[in-house]
Each structure stands twice: as structure tokens, then as C-alpha cells.
1. At a Förster radius of 22 Å, what calculated FRET efficiency corresponds to the Cβ-Cβ distance of Trp197 and Ala167, to the nearest 0.05?
2. Would you mind checking the tilt of helix 294-318 against the longest principal axis of the Cα atoms of the chain, expressed as 0 to 90 degrees and rounded to 10?
3. Quick one: check the C-alpha center-to-center distance for region 261-329 versus region 15-53, whole angstrom.
4. Between the helical axis of 147-176 and the dominant principal axis of the chain, each derived from Cα atoms, what acute angle in degrees is found, rounded to the nearest 10?
5. Before anything else, pin down the relative contact order of the chain: Cα pairs under 8 Å, at least 6 apart, normalised by residue count, whole percent.
6. Work out the P(r) tail for region 94-141: percent of alpha carbon pairs separated by more than 11 Å, whole number.
7. Grab the DSSP H runs of the chain that are 4 residues or longer, score each as -39,500 (n - 2.57), total them, divide by all residues and round the 222 nm result to the nearest 500 deg cm²/dmol.
8. Under a crude label model (7 Å from the Cα following the beta-carbon direction), how far is Gln212 from Leu19 in nanometres?
Amino acid sequence: MQSSSATPDLDQIMDDAKLGHLQISVLLLCTFVTALEGFDLLAIAFAAPVIAKEWSMSPEALGILFGVGPVGLALGALLLSPLGDRIGRKPTILLCMAIMGISTLLSGFAQNYTQLLILRIGIGLGMGGATPCLETITAEYSTNRLRNLFISVVTNGFMVGAIAGGAASALLIESFGWQSIFIIGGTASLLFMIPIWLLLPESIHFLARSEQPEVRQQLVSILQRVNPGLDQRQIEQMPVAPQVTRKLSVLLVLDPAIRASTLFMWLAFFSYFYCLYTLMQWIPTILTANGFANNQAIVAGTTLSIGGAIGSLVLGALTTQANLRPMILGFFLLSTLTMAMMGPALGNTTQIMVAIFLVGFFINGAGVGLFMLAARFYPSDRRATGIGWCSVFGRLGAVTGPVVAGYLVGVELAWGYFFILLSLVPLLSILGTLQVNFGRRDAPAAA
């Protein structure tokens with residue numbers, strides 16, 4: 001077989017296919033993994049008030065504990081997610097799930113601050129490597145019309161996991177201690193490796209790069225499941241996609257043709273994660289400091305996640321009919337306005353819960369839109385690497401935000417000023433989103 005790009009043929013097959021069991025199973029499996037990620041990574045936010053009291057931790061130390069998880073996320077996106085373009089998306093996901101599950105499980109047995117700090121990095125490492133591969137497989141197994149919605153559902157799994165973590169924390173922590181939430185999360189992540197291994201198919205674009213007969217037969221089998229009417233002989237004669245001859249690294253996404261757009265996308269991701277993780281990690285602690293009961297603080301954190309989950313689904317649904325970029329910009333602008341309202345709302349339970357819901361709705365909806373933008377922007381041979389590097393800079397924001405918040409809490413900055421400063425950050429995401437240049441491939445809604 002002579003090498004030529006098979007990407008248009010594969011994409012056309014997926015676009016022409018009806019939505020079937022294989023696509024739905026890929027969507028559900030990937031969504032469940034991201035839900036486990038959200039549960040494992042954000043369990044610390046709900047356990048933090050109890051741990052801080054038990055171990056006599058300062059706000060600054062708590063901010064560092066929140067921040068090291070995203071350090072692991074950045075390292076995972078940097079070191080592990082490129083493996084998806086080398087050894088395959090599925091093996092990379094399984095490896096990352098093992099790292100994440102073991103680290104979460106051991107967190108339940110941590111005896112001191114240092115041990116928990118190190119294990120938090122391990123949790124982030126696994127999640128950071130898996131997420132770009134999960135989103136890449138999801139994008140490949142969806143039709144062009146539904147791609148935005150599929151990616152929003154999978155990314156939304158993170159919020160679903162956070163909601164489950166909040167509900168489980170409210171039920172378990174008081175009765176069984178903060179350790180129970182980590183033990184449950186880690187065990188679930190390790191057990192779910194079994195259905196991923198048995199049921200999740202490999203990336204079709206990755207399989208198309210191989211000339212090995214057994215790999216080509218695997219590709220044929222997948223494509224016939226997607227569209228049983230395809231001619232098997234025609235699929236077998238599909239040209240082999242060109243192998244990537246350069247080392248898959250940051251240089252691939254800093255090619256002169258896309259360098260400026262990549263840098264601005266990094267800025268948008270940094271700012272989005274800065275806000276999201278500051279809110280998700282600190283909301284329960286902030287409310288506890290303002291006189292709310294521990295269970296009320298957990299409910300507030302869960303409300304943020306519920307708002308984020310609904311917001312991402314709404315944006316995904318809207319972009320099946322409307323252009324993607326204006327929706328992202330509108331959601332970021334509204335997140336700025338609602339975030340500025342949080343300080344004055346702290347004195348009223350109903351008002352702060354509504355404000356928290358709206359902030360989660362708009363900031364996470366916009367952030368999921370950024371993942372859609374990146375999945376559409378990068379070509380298939382560097383898509384996992386491109387999304388991975390966006391995640392690296394996003395995770396740097398996720399590190400910076402909680403740590404800066406810990407410093408501001410430590411110097412007792414008035415809460416009104418705290419939230420006003422935070423509300424300015426999404427403006428940088430607006431700037432970054434505006435500067436991503438598709439040229440003739442400008443981000444379509446769904447077709």
C-alpha cells in the first residue's frame with residue numbers, strides 16, 4: 001500500500017454514518033472515565049475543611065495542596081498524553097487510569113501533609129494524560145454535526161464526578177472520615193479499567209497508520225460496525241495514513257502556520273482553568289469561613305458543579321445550531337459578570353447559591369467550548385498532542401489560581417475584592433479565543 005492521507009476518507013465515513021451502538025458506547029465509556037477523574041481530583045475540595053482542622057493547616061498550605069493536583073495534570077498532559085499519538089489512545093487511557101486510581105486509593109491512607117501532597121500529584125498525572133486521549137477518541141467516533149455535543153458530554157463527565165463527590169462526601173465524611181471518599185474513588189477507577197479494556201475501541205486514525213494485517217482488520221471491523229453497508233474490499237484498500245516522522249512534541253503545535261493561534265489558545269485555557277479550579281477548590285472553604293455549616297459548604301460546591309454540568313451541555317446543544325466561537329465569547333463574558341456578584345451575595349444563602357450556580361454554568365460552558373475549539377483546530381495526526389499542550393497551560397492556570405487564592409485568603413482580603421479580581425481573569429480567555437485563526441477552516445457550528 002502506498003502512503004497517502006486516509007483522514008478525509010475516515011472522516012467522511014464517520015460523518016455519513018448513522019448514530020449507532022458503537023458511537024454511543026464510546027461516548028458513555030469516555031464520559032464515565034472523566035466522571036471518575038472529577039470525583040478523584042475534587043474529593044480534596046470537600047474533604048479540605050475537615051483535613052485543615054485535623055492537621056491545623058494554614059490557608060497558604062491549603063492553597064498549595066489544592067494546587068499540586070493541577071501540577072500533576074500539567075505533567076500528565078506534557079509527558080503522557082503524547083503517548084496517545086505514539087502507542088495508541090486506548091493503552092494510554094488504561095495506563096493513566098491505573099496511575100490515577102492507585103494514587104487516589106493511597107490518599108485514603110495518607111498519614112501527613114507531605115504524603116497527601118505527593119499523592120495529589122499522582123492523581124493529576126493520570127488525569128492529565130488521559131483527558132486529551134478521551135476527547136480525541138470521542139471526536140473521531142462522532143459525526144461532524146454532533147461533534148461539539150459529544151465533546152461537551154465527555155468533558156461534562158468531570159462535573160458529574162464532582163457532583164457525585166459532593167453527594168458522597170456529605171454522606172460519608174461525617175460517619176466514616178475524610179479518608180473514605182478517597183478509598184471509594186480510587187477503587188472505582190481501578191475497577192472501571194476492566195470495561196475500558198474490553199469495550200473501548202482504539203482510535204480509527206491511529207489504526208489507519210498501520211500496514212499490519214491484524215491492525216487493518218481491526219480497522220475494517222470497526223468501520224463495518226459504524227456502517228454495515230460499507231464494501232469490505234474498499235475498506236481494505238484504503239490507503240495507509242502517513243506515519244508521523246517527527247518527534248511528537250511541542251514543536252508540532254508551534255509550527256509557524258499555527259503558532260500564534262496555539263499561543264492564544266494556551267492563554268484562553270490558562271485563564272479558564274485559573275477561574276474554574278479556584279472556585280471548585282475554594283468555594284466550600286470560603287463558605288465555611290463565612291459562617292456556613294460544613295454540609296452547606298459541600299452543597300455549595302456541588303451546586304457549582306451542577307451549574308457547570310448544565311452549562312456545558314447547553315453550550316454543546318446550542319453549537320449544533322449556532323457558531324461555536326460567539327457562544328464561547330458570550331459565556332465567558334457572562335461568567336465575568338456573575339463572578340463579580342459573588343462577593344455581595346455571600347451574606348444571603350439563596351443569593352450565593354444562585355450566584356454559584358450561574359458562575360459554574362457560564363465558566364464551565366465556555367471552557368468546554370474551548371476543548372471543542374481545540375479538537376476542531378488541530379489536525380488528526382497531532383490532535384492529542386495539541387489538546388494535551390492546551391491542557392498543560394490550562395493546568396498551569398489550575399495551579400496558579402488556588403495558590404494565589406490561598407495567599408489572598410491568608411492576608412484577609414475582603415471577599416468583594418477577592419471576587420472582583422477573579423472576575424477579570426475570563427477577559428483573557430475572551431482575548432485568546434478571538435485570536436484563534438482557522439483561516440478558511442473557521443470554527444463551524446457543527447457542519
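1. On the way: r = 28 Å, r/R0 = 1.28.
Here the calculated transfer efficiency is 0.20.
2. Between helix and principal axis, roughly 30 degrees.
3. 15 Å
4. Orientation of helix 147-176: about 40 degrees from the principal axis.
5. Values: 851 pairs, mean separation 119.3, N = 447.
Value for the chain: 27 percent.
6. Working: 720 of 1128 pairs.
Result for the distance tail: 64 percent.
7. Values: 20 runs with 343 residues, N = 447.
Calculated mean residue ellipticity at 222 nm is -26000 deg cm²/dmol.
8. 3.5 nm
Each reported figure results from applying straightforward, stated rules to the coordinates on display, with no laboratory input. Treat the numbers as computed from the prediction; the structure is a model and nothing was measured. For neighbour counting, all protein chains shown are included, and Cβ atoms are generated from backbone atoms with ideal geometry for every residue, glycine included.
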